[in-house]
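S.K.: Handing you a structure now.
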Amino acid sequence: MEIVFGALEVMGIGVAGVFLVLAIFFILIKLMIKLFPAD
Amino acid sequence: MDKLSKLLEGINGLTWQNVVMLAIGCVLIYLAIKKEYEPLLLLPIGFGAIMTNIPLSSAVGEHGFLTVLYNAGIVNELFPILIFIAVGAMIDFSPLLKQPVTLFFGAAAQFGIFASMLLAAAANLIWPGVFSLKEAAAIGIIGAADGPTSIFVGNLFAPKYMGAITVAAYSYMALVPMIQPPVIKALTTREERMIRMDVDYGVKVSKPVLILFPIVVTIVAGIVAPISVPLIGSLMFGNLIRECGVLDRLSQTAQNELGNLVTLLLGITIGSTMVAEQFLTLNTLLILSIGLLAFVFDTAFGVLFAKFVNLFLKRKINPMIGGCGISAFPMSARIVQKMAQKEDPTNFVLMPAIGANVAGQIGSIVAGAIILALLGQGGN
């Protein structure tokens with residue numbers, strides 16, 4: 001059972017982590033598009 | 001008489017396990033040639049499996065060339081890293097940069113990795129000790145639909161299952177056109193599949209953004225998870241030489257010569273890990289089954305996430321786009337475009353689908369890196 005709880009913990013942190021990192025990328029892309037607009 | 005028995009050593013050493021593995025190698029070659037399922041990888045993997053499972057084969061062992069290649073390119077993770085440079089040089093990130101919101105589909109679809117990891121860990125409730133947590137994570141990563149990431153994580157966490165994990169990852173990637181459509185169809189209505197989307201939301205991407213993107217992503221991902229630097233860094237390095245505009249020759253070399261050469265060596269080396277005693281086990285069957293479910297979970301969670309997002313949007317997103325958040329590029333995007341046009345021949349969702357698909361590439365590497373960061377130190 002311990003291994004399942006371990007997997008659940010990795011799952012929770014992992015999913016949140018992926019969303020967090022990609023959310024940072026989202027903000028950075030928006031910022032870059034604003035800072036360097038295409039002609 | 002002695003000399004004759006030496007000649008017969010190979011025949012005498014042949015076991016039923018060897019015969020089954022030789023047959024599996026032939027099946028992989030058949031699938032690669034006849035069905036064109038990921039031939040670049042499955043053919044070398046199949047042939048590598050054949051060379052490895054011939055009794056007393058000198059292709060493996062201390063001085064065997066396959067073992068030399070394994071030690072030179074897999075143990076130290078060199079081959080997957082080089083493949084990432086080639087893949088990075090092939091990817092055009094502009095569909096993603098035009099619609100950065102598709103990044104979240106690339107995040108949602110990675111849920112399949114973690115759900116499969118949980119499933120592999122839960123297998124211990126039925127067969128105690130079948131997989132350690134690290135092995136479960138390596139199996140889950142099949143859901144990344146990303147060969148190099150699967151090899152990278154698999155080699156660190158589950159070296160004895162490398163053959164099964166890699167074969168599952170590449171086989172199911174080839175089967176994406178069969179796995180995804182029924183899942184997407186089951187989770188969406190005809191009206192949802194007919195939703196139209198703007199091609200590029202009128203956004204144009206400037207050259208500085210295309211150049212800055214790989215640099216910024218490497219720095220940010222590296223700071224968040226330093227262990228991700230080789231994975232994301234090599235992908236983004238490849239992309240930078242593509243986008244910088246002054247390294248066309250290197251970009252072409254990375255896309256063609258480097259990609260082809262490493263793919264050739266990678267496949268045959270992975271095939272050499274398919275040793276009968278390790279491959280013909282219940283664990284392999286479990287890995288192949290969980291790997292298939294990983295692709296189903298990826299697709300399902302991606303679509304369900306898009307439907308959830310639609311609850312809050314005035315201008316709805318075609319939820320099929322969510323299913324493209326996996327790394328199987330550009331197959332997944334093409335499938336969704338085909339499904340959209342089946343319902344309405346004038347509906348074009350290819351660009352947002354490609355955006356989500358490219359986001360899936362980044363998402364899968366980030367997910368792999370996070371798993372490495374979480375489980376990389378100590379524990380089992």
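S.K.: Could you work out, residue by residue across A:27-39, how many beta carbons of other chains sit within 10 Å of that residue's beta carbon, and then give the average as an integer? Spell out each step's value before the answer.
M.R.: Numbers: counts 1, 7, 14, 3, 2, 11, 8, 1, 4, 8, 6, 7, 3.
The per-residue average across the peptide is 6.
S.K.: Taking 7 Å along the Cα-to-C-beta vector as the label spot, tell me the B:V20-B:T253 distance in nanometres, rounded to one decimal.
M.R.: Rounded to a tenth, the inter-label distance reads 4.6 nm.
S.K.: How would you rank B:R196, B:R190, going from fewest to most other Cβ atoms within 10 Å of each one's own Cβ? Please report the intermediate quantities before stating the final value.
M.R.: Working: B:R196 14, B:R190 10.
Neighbour counts put them in this order, fewest first: B:R190, B:R196.
S.K.: Under a straight-distance cross-link criterion of Cα-Cα below 30 Å, which lysines are reachable from B:K314, leaving out those fewer than 8 residues away in the same chain?
M.R.: A:K30, A:K34, B:K98, B:K185, B:K204, B:K338, B:K342
S.K.: Provide B:R193, B:R249 in ascending order of the number of other Cβ atoms located within 10 Å of each residue's Cβ, fewest first.
M.R.: Values: B:R193 20, B:R249 9.
Result, fewest neighbours first: B:R249, B:R193.
S.K.: Please give the average number of partner chain Cβ atoms lying within 10 Å of the Cβ of each residue in B:98-110, rounded to a whole number. Before the final figure, lay out each step's value.
M.R.: On the way: counts 2, 1, 9, 3, 2, 8, 5, 1, 3, 11, 4, 1, 6.
Counting other chains' Cβ atoms within 10 Å and averaging over B:98-110 gives 4.
S.K.: In which sequence would B:V153, A:V18 go, from the one with the fewest C-beta neighbours within 10 Å to the one with the most?
M.R.: On the way: B:V153 31, A:V18 28.
Exposure proxy ranking, most exposed first: A:V18, B:V153.
S.K.: With a/c under 1.5 counting as rounded, go ahead and sort segment B:53-155 into rounded, prolate or oblate using the C-alpha gyration tensor (a ≥ b ≥ c being the square roots of the eigenvalues; past the cut-off, prolate if a/b is larger than b/c, else oblate). If you can, show how the numbers build up before the last one.
M.R.: Details: a/c = 3.73, a/b = 1.24, b/c = 3.00.
Oblate.
S.K.: Is any helix in chain B, taking whole DSSP H runs, at least 24 angstrom long along its axis by alpha carbon and on average at least -0.5 on the Kyte-Doolittle scale, and which ones?
M.R.: On the way: long enough: B:16-33 (26 Å, 1.99); B:207-224 (26 Å, 2.39); B:282-310 (42 Å, 1.73); B:350-375 (37 Å, 1.84).
Helix filter hits for chain B: B:16-33, B:207-224, B:282-310, B:350-375.
S.K.: Sticking with this structure for a sec: For segment B:324-380 and segment B:5-63, what is the centre-to-centre distance using only Cα atoms, to the nearest Å?
M.R.: Result: 33 Å between the Cα centres.
S.K.: Ratio to report: Rg/Rh of chain B, with Cα atoms as the point set and Rh obtained by the Kirkwood method; give two decimals.
M.R.: Details: Rg = 21.5 Å, Rh = 21.5 Å.
With Rg and the Kirkwood Rh in hand, the quotient comes to 1.00.
S.K.: B:K160: which lysines have alpha carbons under 24 Å from its alpha carbon, excluding same-chain residues fewer than 8 sequence positions away?
M.R.: Filter leaves B:K134.
S.K.: Take every Cα pair under 8 Å in segment B:247-328 that's 6+ residues apart, average their separations, divide by the length, and report that relative contact order as a whole percent. Don't jump to the answer; show the numbers that get you there.
M.R.: Numbers: 35 pairs, mean separation 18.3, N = 82.
Reported relative contact order: 22 percent.
S.K.: What's the ranking of B:316-328, B:21-33 by average number of surrounding C-beta atoms within 10 Å, highest first? Please list the in-between numbers first.
M.R.: Values: B:316-328: 29.3, B:21-33: 18.6.
Top to bottom by mean Cβ count within 10 Å: B:316-328, B:21-33.
S.K.: Here's another thing I want to ask about it. At a Förster radius of 41 Å, what calculated FRET efficiency corresponds to the Cβ-Cβ distance of B:L7 and B:E277, to the nearest 0.05? Write down the numbers at each step before the final one.
M.R.: Working: r = 25 Å, r/R0 = 0.61.
E(calc), rounded to 0.05, equals 0.95.
S.K.: Which listed residue (B:L258, B:A353, B:F329) has the Cα farthest towards the positive end of the charge dipole for segment B:250-380, taking +1 on Lys and Arg C-beta and -1 on Asp and Glu C-beta about the Cα centre?
M.R.: Sorting the options by dipole projection puts first B:A353.
S.K.: Residues of segment B:100-132 with backbone nitrogen within less than 20 Å of a virtual label 7 Å along the Cα-to-Cβ line of A:M1, please, listed as ranges.
M.R.: Residues B:118-132 fall inside that zone.
S.K.: Quote the charge dipole size of chain B about the Cα centre in Debye, to the nearest 20; the model charges only the Cβ of Lys and Arg (+1) and of Asp and Glu (-1).
M.R.: Numbers: 22 positive and 20 negative charges, 189 e Å.
So the magnitude is around 900 debye.
S.K.: On to the next question. Based on the alpha carbons, how large is the Rg to Rh ratio for the protein assembly as shown when Rh follows Kirkwood?
M.R.: Numbers: Rg = 21.9 Å, Rh = 21.9 Å.
Rounded to two decimals, Rg over Rh is 1.00.
S.K.: While we're here: Tell me what chain B gives for mean residue ellipticity at 222 nm when only DSSP H runs of n ≥ 4 count, each as -39,500 (n - 2.57), the sum divided by the residue total, rounded to 500 deg cm²/dmol.
M.R.: On the way: 22 runs with 264 residues, N = 380.
Theoretical 222 nm ellipticity from helices: -21500 deg cm²/dmol.
S.K.: Set the Förster distance to 30 Å, then compute FRET efficiency between A:L35 and B:L313 from the Cβ-Cβ distance, nearest 0.05.
M.R.: Values: r = 27 Å, r/R0 = 0.89.
Taking R0 as 30 Å, the efficiency between A:L35 and B:L313 is 0.65.
S.K.: Tell me the relative contact order for segment B:2-375 as a rounded percent, counting alpha carbon contacts under 8 Å between residues six or more apart. Write down the numbers at each step before the final one.
M.R.: Numbers: 709 pairs, mean separation 112.4, N = 374.
Once divided by the residue count of segment B:2-375, the mean separation gives 30 percent.
S.K.: If you don't mind, another one. Express in whole angstrom the spacing between the alpha-carbon centres of segment A:2-24 and segment B:130-144.
M.R.: Using only Cα atoms to place each centre, the spacing works out to 14 Å.
Each value in this text was obtained by applying a stated rule to the coordinates, not by laboratory testing. Here the structure is a predicted model, which is why all the values come from computation and not from measurement. When we count neighbours, we look across all protein chains shown, and the Cβ atoms used for this are built from the backbone with ideal geometry, even at glycine.
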